[in-house]
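The values are calculated or read from the model by the stated rules, or taken from the named source; none is laboratory data. Keep in mind that what you see is a predicted model, and the values were worked out from it rather than measured. For neighbour counting, all protein chains shown are included, and Cβ atoms are generated from backbone atoms with ideal geometry for every residue, glycine included. All accessible areas refer to the heavy atoms of the entire protein, side chains included, with ligands and DNA or RNA removed. Shrake-Rupley method; radii C 1.70, N 1.55, O 1.52, S 1.80 Å.
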Amino acid sequence: MEVKHTCLHDKHVTLGALMTPFAGFDMPIQYTNITDEHHAVRTACGVFDVSHMGEVIINGPDAEKYVNYIFTNDIKDAPDGKVFYGMMCYEDGGTVDDLLVYKISSHCFFLVINAANIEKDVEWMQTQAQSFDIELDHASERFGQLAVQGPDSERIVENVLNLPCKDLTFYTCKTIDGSGEMLYLSRTGYTGEDGFEIYASHAYIREAWDKLMEAGVKPCGLGCRDTLRFEVGLPLYGDELSREISPIMAGLGFFVKFDKETFIGKEALLKQKTEGVARKLVGIELADKAIPRHGYAVLKDGRQVGEVTTGYHCLSVDKSVCMALVEAACAPLGTELDIQIRKKVFPGTVVKKKFYEKHYKK
């Protein structure tokens with residue numbers, strides 16, 4: 001299959017980024033090194049090319065009704081400009097994808113989906129749309145996306161990109177006329193820091209990237225995007241959520257609103273919530289500096305009880321930690337477990353999945 005390029009691909013190559021295929025795209029993993037880029041976002045500001053993400057626009061009289069039916073969170077009667085995080089689920093509770101829903105108006109919603117799931121998601125959404133009076137616009141090819149993240153992000157978006165953003169509160173968005181075209185700007189991100197995401201034409205994104213580079217903003221790759229999201233407990237589809245891992249299993253029940261009249265997967269997820277699940281996602285802190293990796297076995301008294309979904313030596317707190325899907329009996333905080341790392345076994349303890357405190361501006 002041919003590898004796709006984002007609208008900034010040539011700029012990454014010119015900067016000497018380490019490129020690798022990800023979700024069907026040739027993407028930058030790092031420019032200098034993951035540690036530098038990680039700390040730039042935690043202490044100042046970094047910018048990510050996330051133009052590989054997918055965008056779907058839902059228009060029409062039934063837009064709100066339709067989105068609320070396919071989405072676990074509740075968007076009913078929300079104010080324009082509100083952004084929601086949640087999941088789309090199968091009837092059995094398995095996760096189709098996790099996504100952001102932007103309410104542009106009562107008849108228009110902007111959905112942001114994971115790059116690896118674009119074709120699958122769009123096909124699934126089209127199937128669910130048959131009985132609703134909506135238009136589903138698969139707009140992924142038209143949009144580029146930048147994520148400007150870190151404690152200095154507000155100043156940089158205001159002063160370097162000339163986009164008014166101080167008025168935006170956490171998880172809100174607005175439409176802006178930028179350089180003669182309409183774009184979406186939101187106070188959202190995937191790093192645990194204050195930050196903004198910009199969705200616009202390829203031409204605008206290229207121009208904005210150049211301005212940010214000229215201002216000395218640190219370009220960041222997918223390597224530190226993963227370390228940043230992981231240490232604040234944010235899930236990655238394919239690791240902490242999947243066809244086999246439901247939002248309840250992943251500990252994301254807060255984003256499943258059971259008081260809604262209906263949504264796809266409601267009955268199965270409600271059963272999981274009330275009756276319990278066989279496996280749960282947990283955090284594990286190792287006593288050693290050894291690094292647990294995806295797929296490594298989790299043991300209890302020598303018996304495998306789960307496996308690691310994501311693991312790192314945390315850059316912000318200097319601890320070796322992981323998230324792991326384990327048998328429910330092994331999920332309580334304080335449970336002692338072992339991680340099999342190659343031929344050795346390392347002791348660990350179940351802890352909260354948030355290994356570093358978020359610093360959102362709410």
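Figures for the structure shown
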read-out	value
In Hz, Karplus ³J(HN,Hα) per residue of region 155-161 (6.51, -1.76, 1.60; θ = phi - 60°; x = Gly, Pro)	4, 6, 5, 5, 8, 8, 9
Cα gyration tensor shape of region 1-147, rounded if a/c is under 1.5, else prolate or oblate by comparing a/b with b/c	prolate
1.4 Å probe accessible area per residue over the chain, in Å²	43 Å²
Whole-Hz couplings from phi, Karplus 6.51/-1.76/1.60, listed for region 334-347; x for Gly and Pro	x, 5, 8, 10, 10, 10, 7, 10, 6, 9, 10, 10, 10, x
Estimated vicinal HN-Hα couplings, Hz - region 36-45 in sequence order (Karplus 6.51, -1.76, 1.60; Gly, Pro = x)	4, 5, 4, 5, 4, 6, 5, 10, 9, 6
For the chain, share of DSSP beta bridges that run antiparallel, in % to the nearest 5	95 percent
Region 253-327, accessible surface, carbon-and-sulfur percent (1.4 angstrom probe)	49 percent
Interchain or long-range residues, amide H under 5 Å from residue 140's placed H	55
Set of lysines near residue 103 by C-alpha distance (under 20 Å), chain-local residues within fewer than 8 positions excluded	65, 76, 82, 166, 174, 257, 260, 362
Förster radius 22 Å - calculated FRET efficiency between residue 10 and residue 139 (Cβ-Cβ, nearest 0.05)	0.45
Carbon + sulfur, % of accessible area of region 61-152 - ligands and nucleic acids excluded, 1.4 Å	46 percent
Region 249-362 shape via C-alpha gyration tensor axes, a/c threshold 1.5	oblate
